[in-house]
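This report refers to the structure that appears directly beneath it.
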């Protein structure tokens with residue numbers, strides 16, 4: 001590698017590390033040479049001069065988004081943007097909280113609950129719902145009014161097997177209603193309904209024998225050994241088994 005000439009080395013040493021080449025005389029408005037366009041970024045604007053700084057600005061691409069204009073030059077534009085965003089956030093918070101007339105207020109104004117409305121039914125309304133009502137209404141109705149609606153419930157074509165079994169196991173059910181259940185072949189085909197009837201002491205002997213005749217043999221053996229049933233029921237199971 002060739003060593004630098006003594007005169008060039010001396011000039012470089014005297015110039016120092018911070019030396020900046022100056023523009024040729026009479027070419028202040030001319031563009032920078034290609035070599036100068038690759039100058040280090042730490043080159044300070046004060047050392048370049050106003051004209052050189054303008055040339056650098058023109059050569060740099062515009063990649064930064066422009067800031068919103070300021071009104072009257074006193075920063076009120078930015079304040080307006082901040083105020084607007086603050087208002088939007090406050091509105092959003094108000095909507096999420098429901099506001100004065102939001103969902104919470106509507107819920108409070110919805111009136112009495114379903115349970116309270118069911119408690120205030122007249123006798124005619126009770127019977128109407130018992131005969132035509134849906135499952136949730138029937139269950140709530142039976143829990144609230146009990147024996148007052150049993151007859152109407154048993155005449156509802158939508159009544160389910162669990163509802164029938166619930167009524168059939170109650171020891172206060174009148175015998176005519178128990179006979180109504182026993183006479184319904186589709187109900188007594190369900191094991192839950194049969195067990196509910198056989199555990200009810202108000203079911204008479206004739207009804208017990210009818211139930212035993214349609215009970216599978218393995219269930220009869222269970223009934224025969226179970227002390228949960230009355231002696232009358234166990235004796236009937238023994239007769240059917242032979």
Practice prompt. Starting from residues that are surrounded by fewer than 16 Cβ atoms within 10 Å (Cβ to Cβ) and in a helix (DSSP H, G or I), keep the ones in region 118-132 and report whichever is modelled with the lowest pLDDT.
Written response: 119
Fill in: Only listed residue being at negative phi and more than 34 Å from the chain's Cα centre (by Cα), chosen from 178, 144
178
Discussion item. Checking the structure you have, find out if any residue of region 235-242 is within 18 Å of residue 185 (Cβ to Cβ) and part of a loop (DSSP other than H, G, I, E, B).
Written reply: no
Worksheet, complete the sentence: By residue number, the members of region 161-192 that are loosely packed, with under 14 Cβ neighbours inside 10 Å and farther than 23 Å from residue 220 by Cα are 172, 174, 175, 176
Discussion item. Based on this model, can you work out whether residue 206 counts as part of a helix (DSSP H, G or I) and farther than 30 Å from residue 127 by Cα?
Written reply: yes
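Evaluate region 133-146: report whether one residue or more is without any contact (Cβ under 8 Å) to a residue 40 or more places away in the chain, part of a loop (DSSP other than H, G, I, E, B) and in contact with a helix residue (DSSP H, G or I) (Cβ under 8 Å, 6 or more places away or on another chain).
Looking only at region 133-146, we keep the residues that are without any contact (Cβ under 8 Å) to a residue 40 or more places away in the chain, and these are 133-146.
From what is left, the residues that are part of a loop (DSSP other than H, G, I, E, B) are 133-134, 146.
Those still in the list that are in contact with a helix residue (DSSP H, G or I) (Cβ under 8 Å, 6 or more places away or on another chain) too: 133.
For region 133-146, residues without any contact (Cβ under 8 Å) to a residue 40 or more places away in the chain, part of a loop (DSSP other than H, G, I, E, B) and in contact with a helix residue (DSSP H, G or I) (Cβ under 8 Å, 6 or more places away or on another chain): present.
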Item to complete: Would you check which residues across region 147-172 are within 13 Å of residue 203 (Cβ to Cβ), in contact with a helix residue (DSSP H, G or I) (Cβ under 6 Å, 6 or more places away or on another chain) and part of a loop (DSSP other than H, G, I, E, B) and list them?
Response: 169
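The values are calculated or read from the model by the stated rules, or taken from the named source; none is laboratory data. Not measured: the values here are computed from a predicted model. Don't worry about glycine lacking a Cβ; one is built from the backbone with ideal geometry, like all the others, and counts go over all protein chains shown.
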